[in-house]
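Colleague: After the structure tokens below, expect a handful of questions from me.
The values are calculated or read from the model by the stated rules, or taken from the named source; none is laboratory data. Just so it is clear, the structure is predicted and the values come from calculations on it, not from any experiment. Here Cβ is always computed from backbone atoms with ideal geometry, including for glycine, and neighbour counts include all displayed protein chains.
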Amino acid sequence: MISLRRHFEALLAQKELRDQQRYDAQTKAVETAMAAAEKFNAAILAAQQDAVNKANVSDDKRFDLLNELRVGVATREQVEALEKIVSALSERVGRSAGSGAGMTQALTFVLAAAAVLVAILVPILLR
């Protein structure tokens with residue numbers, strides 16, 4: 001009977017050892033999985049932050065271009081005003097009697113208007 005008892009105690013000890021090894025292995029697997037999940041979440045957070053930073057830079061560039069466009073609109077209005085002045089001067093030249101002095105004066109006005117137009121457009125185009 002003692003030998004049977006020792007046999008069962010040995011079987012129970014082996015079962016207990018197997019159960020402990022399984023528990024240790026499962027604990028280690030859970031810890032490894034948690035560490036991998038933390039690394040994954042950190043990588044996702046970094047990627048999201050990078051995407052937000054790139055979007056902010058893109059928005060800043062877009063707003064800068066929009067501001068430049070708004071400045072361009074103001075200059076277009078100035079160009080249209082100059083075109084009106086030039087057309088008014090052209091009409092005045094057309095109405096003149098064609099005398100040499102009148103043509104010279106009209107040409108001077110047209111050249112002055114063109115110079116003003118160039119003075120406004122050159123800084124805009126050189127940006």
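This table checks each residue for (1) among the aliphatic types (A, V, I, L, M); (2) over 30 Å from Leu117 (Cβ atoms).
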site: Glu31; (1), (2): no, yes
site: Met34; (1), (2): yes, yes
site: Lys39; (1), (2): no, yes
site: Ala43; (1), (2): yes, yes
site: Ala46; (1), (2): yes, yes
site: Gln49; (1), (2): no, yes
site: Asn56; (1), (2): no, yes
site: Glu68; (1), (2): no, no
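Colleague: When you look at Val52, is it modelled with pLDDT of 75 or more and either touching a helix residue (DSSP H, G or I) at 6+ places or on another chain (Cβ under 8 Å) or among the aliphatic types (A, V, I, L, M) (or both), yes or no?
Modeller: Values: modelled with pLDDT of 75 or more: yes; either touching a helix residue (DSSP H, G or I) at 6+ places or on another chain (Cβ under 8 Å) or among the aliphatic types (A, V, I, L, M) (or both): yes.
Answer is yes for this residue.
Colleague: Considering only region 18-28, I want to know if a residue exists there that is among the aliphatic types (A, V, I, L, M) and either under 30 Å from Ala113 (Cβ atoms) or modelled with pLDDT of 90 or more (or both).
Modeller: So the first thing to find is which residues in region 18-28 are among the aliphatic types (A, V, I, L, M), and the list is 25.
Okay, now just the ones that are also either under 30 Å from Ala113 (Cβ atoms) or modelled with pLDDT of 90 or more (or both), so 25.
Yes, region 18-28 contains a residue that is among the aliphatic types (A, V, I, L, M) and either under 30 Å from Ala113 (Cβ atoms) or modelled with pLDDT of 90 or more (or both).
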